[in-house]
Amino acid sequence: MEGIFSDRIPLPPPHMDEDERRRRGSGGEDLISGLPDDVLHDILVRLGCARAAARTSVLSRRWRPVWKHMPELLLVSPSPPPGPAPASFLDAVDGALAGCLAPALDRLAISLSADSDLRAPARRVAPWLRFAAERVAGKICLIVPPPLALSLPPRPRAPLEEAELELPACGGAKAIALKPQTTWRLRPPPSGLFAALTALKINGGRMEGGELSTLVCAQCPRLIDLNLSIHLVAVADVSIRSDSLHSLRFQANNTRRLEVVAPRLEVLTLTESIQAHVSAPKLAKLVWLGGAYDPRNHRFLDVSRRLKLLDIGLNSPAPSLMRQFDEVSVLRIETFILQGAAGYQRFLNETKIPPKCKVLGLSLFVNRHGLTPVILHLLRSCNGTRKFSLTLFDLKDSWTHPCPSSCPCCSEESHRIDNIDLESLDEIEINSYKVSHKDLEFLEMLSRCNAKFLKKLVINYKMSITPPETKEVCEKVRSMYRSEVEVEFYLFPDGPDGRRVRFD
């Protein structure tokens, strides 16, 4: 067998042109170039960069037009110092869009680097969106600029441009993700529909409340997932009425009142303390990050009293919100307990009557209070809980300067276990950034509670500790529990990958 299956390299005939010599001169036929266009397109798409795909045109005349028919265009500006000068990237985007010959694109992504001083003006970006409206029948992603790299030191930046950016009606796009400059004013089209759009995410920019309501209610008839994090131009009401919407995340500064009427809505995330009237009979998951719940300003109409998830974020004390629901499959609470007796009493009042839940997840900032009474207080009200998960953030000096004896967390009543019934509990998970015998004191208390069906205890340490100390803690914890209880220890070593390693 000759060619690529032979050690012999056949000499090219004298009539062979330059491309053919290049293809065959190094060892047989170029089988890749002979593949159908759709296969070559798939190969170029896997490069993940339109610039890299365009460079393949130097291989031969066969490759020169291939990239222009790719079904996806990914244009990402490189981070300086390598790569072209900032302005040349804008030219490269313009050139790539002008050279694209594909009648329809599955995806168009344009992203400016966070490390660059490049600032594309809105008038330069507008033609990119018009191109997307005409060609894209799949996903559109436009990031101008992308999120800042938190690991980089602050650097001076030019003032952001105050300009308008029109959002043209993209009739074929199914998903749109936009991150414009925060000062840009986004203007929806005066007419036309986003007829195929099912997912819309806007992170940044400014809009009028009425235009935002019109965009969602009237111009996106098939919208399923809506994620908004924007500023309103002026204080205004926002109305979101949709028969198709399943998921909504809403954060819009300057919103006076939010109205949501969505008969199919299942997931709702609110991140601002605003007035909200929600009618969502199929609501199953509620994430509340909007500050204190006030039943006078926050009304849930036609909402079931049983949820799959209730997630209450930090600085969102919401005892009244928890009382709106009788049962929750998963209850997550992130809480910071203020110092002193008054701070601890406030915590007790806010978490006194949680709904019945199968899984209780608690992210806790201890702040000098005893951990054992805090956990016992929560479990005392969650008799039907099957899994308890604790993520512990140990604040500085919380153990070296504990609470005074006058704090309720130090009372004998707060340490009682005879009134705690944990017959349903079968799994406990502890995530901690620090390990010591005192940190795990509450585990010994739990081992003496009525938890006869407990099957599994998982402890994750999220900071590196010495093996001898780890082994000592492991042995102590295992000795607390019945032999039938499976006790697992995992370490998250310092390092970029963060993969947990089981320690036995």
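The values are calculated or read from the model by the stated rules, or taken from the named source; none is laboratory data. Remember, predicted model here, so these are calculated numbers, not experimental data. Positions of Cβ are generated from backbone atoms using ideal geometry, with glycine treated the same way; all protein chains shown enter the neighbour counts. Surface accessibility is based on the protein's heavy atoms, side chains included, excluding ligands, DNA and RNA. Shrake-Rupley method; radii C 1.70, N 1.55, O 1.52, S 1.80 Å.
Looking at region 372-383, is at least one residue open to solvent by 20 Å² or more (accessible area, probe 1.4 Å), farther than 20 Å from Phe489 by Cα, at pLDDT below 80 and in a helix (DSSP H, G or I)? Yes, that holds for at least one residue.
Against the conditions (1) farther than 19 Å from Gly192 by Cβ; (2) outside any helix (DSSP H, G or I); (3) modelled with pLDDT of 90 or more, Arg123 satisfies every one except (2). Of the strands (runs of 3 or more DSSP E) lying entirely inside region 191-261, the ones with 2 or more residues being at negative phi, touching a residue at least 40 places away in the same chain (Cβ under 8 Å) and open to solvent by 40 Å² or more (accessible area, probe 1.4 Å) are found at 225-241.
For region 262-275, residues that are under 14 Å from Gly209 (Cβ atoms) and not in a loop (DSSP other than H, G, I, E, B) total 1. Looking across region 164-188, the residues that are assigned to a loop (DSSP other than H, G, I, E, B), surrounded by 16 or more Cβ atoms within 10 Å (Cβ to Cβ) and not aliphatic (A, V, I, L, M) come down to Pro168, Cys170, Gly172, Lys174, Pro180, Gln181, Trp184, Pro188. Among the residues of region 353-364, not a single one is touching a helix residue (DSSP H, G or I) at 6+ places or on another chain (Cβ under 7 Å), modelled with pLDDT of 80 or more and closer than 19 Å to Val477 by Cα. Would a scan of region 326-348 turn up a residue that is at pLDDT below 85, assigned to a loop (DSSP other than H, G, I, E, B) and among the hydroxyl-bearing types (Ser, Thr, Tyr)? So far as region 326-348 goes, no, none of its residues is at pLDDT below 85, assigned to a loop (DSSP other than H, G, I, E, B) and among the hydroxyl-bearing types (Ser, Thr, Tyr).
Evaluating Ser304 against the criteria (1) in a loop (DSSP other than H, G, I, E, B); (2) small (Gly, Ala, Ser); (3) in contact with a His (Cβ under 9 Å, 6 or more places away or on another chain) leaves one unmet condition, (3). Taking the options Val216, Val278, Val233, name whichever one is of a type outside the set (D, E, K, R) and under 26 Å from Ser320 (Cβ atoms). That would be Val278, the only listed residue that is of a type outside the set (D, E, K, R) and under 26 Å from Ser320 (Cβ atoms). Show the residue pairs that are 6+ apart or on different chains and have beta-carbon atoms under 7 Å apart, the first residue being within region 323-343 and open to solvent by 60 Å² or more (accessible area, probe 1.4 Å), the second being of a type in the set (A, V, I, L, M, F, W, C) and part of a loop (DSSP other than H, G, I, E, B). Partner pairs satisfying both residue conditions: Arg323/Ile353; Glu334/Leu314; Phe336/Leu314. Screening Trp184 against (1) without any contact (Cβ under 8 Å) to a residue 60 or more places away in the chain; (2) in contact with a helix residue (DSSP H, G or I) (Cβ under 9 Å, 6 or more places away or on another chain); (3) of a type in the set (A, V, I, L, M, F, W, C) leaves a single unmet condition, (1). In region 262-274, the qualifying residues are those that are surrounded by 20 or more Cβ atoms within 10 Å (Cβ to Cβ) and modelled with pLDDT under 95, and the one that is farthest from the chain's Cα centre (by Cα) is Ile274. Applying the set (1) assigned to a strand (DSSP E or B); (2) at pLDDT below 95 to Pro154 leaves exactly one unmet item: (1). Do the conditions hold for Ser304, that is, is it free of Cβ contacts under 8 Å to residues at least 24 places away in the same chain, out of contact with any strand residue (DSSP E or B) (no Cβ under 7 Å at 6 or more places or on another chain) and under 25 Å from Asn383 (Cα atoms)? The answer is yes for Ser304. Every condition in (1) open to solvent by 20 Å² or more (accessible area, probe 1.4 Å); (2) not in a loop (DSSP other than H, G, I, E, B) holds for Val278 except the one numbered (1). Ala292 passes every criterion in (1) in contact with a Pro (Cβ under 8 Å, 6 or more places away or on another chain); (2) among the aliphatic types (A, V, I, L, M); (3) closer than 23 Å to Ser389 by Cα apart from (3). Scanning region 290-321 for residues that are of a type in the set (A, V, I, L, M) and either touching an Asp or Glu at 6+ places or on another chain (Cβ under 6 Å) or at pLDDT below 85 (or both) returns Ala292, Leu314, Ala318, Leu321.
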